[in-house]
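K.L.:
One structure coming up, written as C-alpha cells, with questions to follow.
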Amino acid sequence: MQDTDPLKLEVAQVAAALVVDEGLEYGAAKRRALKQLGLPPRTPLPDNDLVDDAVREHIAIFCGDTQPAELRALRELALVWMQRLAEFRPHLAGAVWHGTATRLSDIYLQLFCDDPKSAELSLIEHQVDFEVSRVTGLHGEAVDALSLRSLCKPINETIGVHLMIYDHDDVRGALRPDGRGRSPRGDAAALARLLEATA
C-alpha cells in the first residue's frame, strides 16, 4: 500500500474492513469509519484508490481462502445477466469487475440503451421483479437504476443486481482508463476473458 497521511491510512483500513465484512460501498464505509474512529465528520477522507488498496490487503489477510471462489461465482452470475441483457450493451463495473468482490457484494451493470425505457420493458416482459431508483451516474448526472435480486447458487446467496441506464452514446467516454491505467468497466467479452484467465 502506498505511503500517505497516517490518519487517512487508518480511515482507509477501517473502511476496507467494512467494505469486505459488511458489503458497504466505499463512500458509506469511509463515513462510517470516521464515526468508528471518533473523528469529526469534516476529517479529510482517503481517496478510493487508497481504500481499494486497503480492501485488497484485507482480503489477502482475512479472506484469501474464500474470496477467489466467491468472486468467480459473482462474475459468472454477472455474465449470465449480461448475456440476457446483451441488446443493451451491458458493461460490468464495481467490485465484481475489479476483483475485490465477496459474497456480500452486489453486481453493478451499466446499460447503454437507444431508448432509456427499453431495459425496463424487457424486464417486465420477462416477469423480473425490480425496483427503480435514481442514482448518480458516470458524469455526476442522475440516472435510473433498476435493482433486482438474483440467486447465486455456488455460494447460496441472493445477490443484488443493479442496472444503471445510460444513453447509447455514453459508452464512448465510459471506457477511458482510470488514474491507474485500469479499465473501469468491461463488456461481456472482457468478463469472459477474465473468467478464462482465472479458471
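The values are calculated or read from the model by the stated rules, or taken from the named source; none is laboratory data. Worth saying up front: this structure is predicted, and the values here are computed from it rather than measured. Cβ atoms come from the backbone with ideal geometry, glycine included; neighbour counts cover every protein chain shown.
K.L.:
In segment 131-199, which strands (runs of 3 or more DSSP E) lie fully inside it and hold 3 or more residues that are aromatic (Phe, Trp, Tyr), at pLDDT below 90 and more than 17 Å from LEU85 (Cα to Cα)?
P.N.:
On the way: elements: 131-136, 142-152, 157-167.
Passing ranges: none, list empty.
K.L.:
Could you tell me whether any residue of segment 163-172 is surrounded by 12 or more Cβ atoms within 10 Å (Cβ to Cβ) and free of Cβ contacts under 8 Å to residues at least 12 places away in the same chain?
P.N.:
Restricting attention to segment 163-172, the residues satisfying the condition of being surrounded by 12 or more Cβ atoms within 10 Å (Cβ to Cβ) are 163-168, 170-171.
Those left that are additionally free of Cβ contacts under 8 Å to residues at least 12 places away in the same chain: none.
No: zero hits.
K.L.:
Something else about it: For PRO116, state whether it is under 27 Å from ILE59 (Cα atoms) and not hydrophobic (A, V, I, L, M, F, W, C).
P.N.:
Numbers: under 27 Å from ILE59 (Cα atoms): no; not hydrophobic (A, V, I, L, M, F, W, C): yes.
It is false that PRO116 is under 27 Å from ILE59 (Cα atoms) and not hydrophobic (A, V, I, L, M, F, W, C).
K.L.:
Filter segment 30-58 down to the residues that are more than 20 Å from PRO184 (Cα to Cα) and of a type in the set (A, V, I, L, M, F, W, C), then identify the one that is surrounded by the most Cβ atoms within 10 Å (Cβ to Cβ).
P.N.:
Applying the filter and picking the extreme gives ALA33.
K.L.:
I've got another one for you. Among the residues of segment 65-82, are any within 15 Å of the chain's Cα centre (by Cα), surrounded by 16 or more Cβ atoms within 10 Å (Cβ to Cβ) and modelled with pLDDT under 95?
P.N.:
No; the residues of segment 65-82 include none that is within 15 Å of the chain's Cα centre (by Cα), surrounded by 16 or more Cβ atoms within 10 Å (Cβ to Cβ) and modelled with pLDDT under 95.
K.L.:
Sticking with this one: Looking at segment 1-29, which of the residues that are surrounded by 16 or more Cβ atoms within 10 Å (Cβ to Cβ) and of a type in the set (Gly, Ala, Ser) is modelled with the lowest pLDDT?
P.N.:
GLY23
K.L.:
Moving on. Restricting to segment 60-70, name every residue that is touching a residue at least 60 places away in the same chain (Cβ under 8 Å) and out of contact with any Asp or Glu (no Cβ under 9 Å at 6 or more places or on another chain). It would help to see each step written out before you state the result.
P.N.:
The first filter runs over segment 60-70 and keeps only residues touching a residue at least 60 places away in the same chain (Cβ under 8 Å), leaving 68-70.
Once the filter is applied, which keeps residues that are touching a residue at least 60 places away in the same chain (Cβ under 8 Å) and out of contact with any Asp or Glu (no Cβ under 9 Å at 6 or more places or on another chain), segment 60-70 yields PRO68, ALA69.
K.L.:
Of the conditions (1) of a type outside the set (A, V, I, L, M, F, W, C); (2) under 16 Å from the mean Cα position of the chain (by Cα); (3) crowded, with 16+ Cβ neighbours inside 10 Å; (4) at pLDDT 95 or above, SER122 fails just one. Which one is it?
P.N.:
Evaluating SER122 over (1) of a type outside the set (A, V, I, L, M, F, W, C); (2) under 16 Å from the mean Cα position of the chain (by Cα); (3) crowded, with 16+ Cβ neighbours inside 10 Å; (4) at pLDDT 95 or above leaves (2) as the failure.
K.L.:
Turning to a different aspect of this structure: Determine if segment 125-147 includes at least one residue that is surrounded by 13 or more Cβ atoms within 10 Å (Cβ to Cβ) and farther than 27 Å from GLY27 by Cα. Steps first, answer last, please.
P.N.:
Going residue by residue through segment 125-147, those that are surrounded by 13 or more Cβ atoms within 10 Å (Cβ to Cβ) are 128, 130, 135, 137-138, 143-147.
Filter once more, so that each one left must be farther than 27 Å from GLY27 by Cα: 128.
Scanning segment 125-147, I find at least one residue that is surrounded by 13 or more Cβ atoms within 10 Å (Cβ to Cβ) and farther than 27 Å from GLY27 by Cα, so the answer is yes.
K.L.:
Given the condition aromatic (Phe, Trp, Tyr), in contact with a strand residue (DSSP E or B) (Cβ under 9 Å, 6 or more places away or on another chain) and buried (at least 18 other Cβ atoms within 10 Å of the Cβ), answer yes or no: does some residue in segment 103-115 qualify? Spell out how you get there, then give the answer.
P.N.:
Initially, segment 103-115 is screened for residues aromatic (Phe, Trp, Tyr), giving 108, 112.
Filter again for in contact with a strand residue (DSSP E or B) (Cβ under 9 Å, 6 or more places away or on another chain), leaving 108, 112.
Now restrict to residues that are buried (at least 18 other Cβ atoms within 10 Å of the Cβ): 108, 112.
Yes, segment 103-115 contains a residue that is aromatic (Phe, Trp, Tyr), in contact with a strand residue (DSSP E or B) (Cβ under 9 Å, 6 or more places away or on another chain) and buried (at least 18 other Cβ atoms within 10 Å of the Cβ).
K.L.:
Name the residues in segment 124-175 that are hydroxyl-bearing (Ser, Thr, Tyr) and over 30 Å from THR66 (Cα atoms), would you?
P.N.:
Looking only at segment 124-175, we keep the residues that are hydroxyl-bearing (Ser, Thr, Tyr), and these are 133, 136, 147, 150, 158, 166.
Hits for segment 124-175 are SER133, THR136, TYR166.
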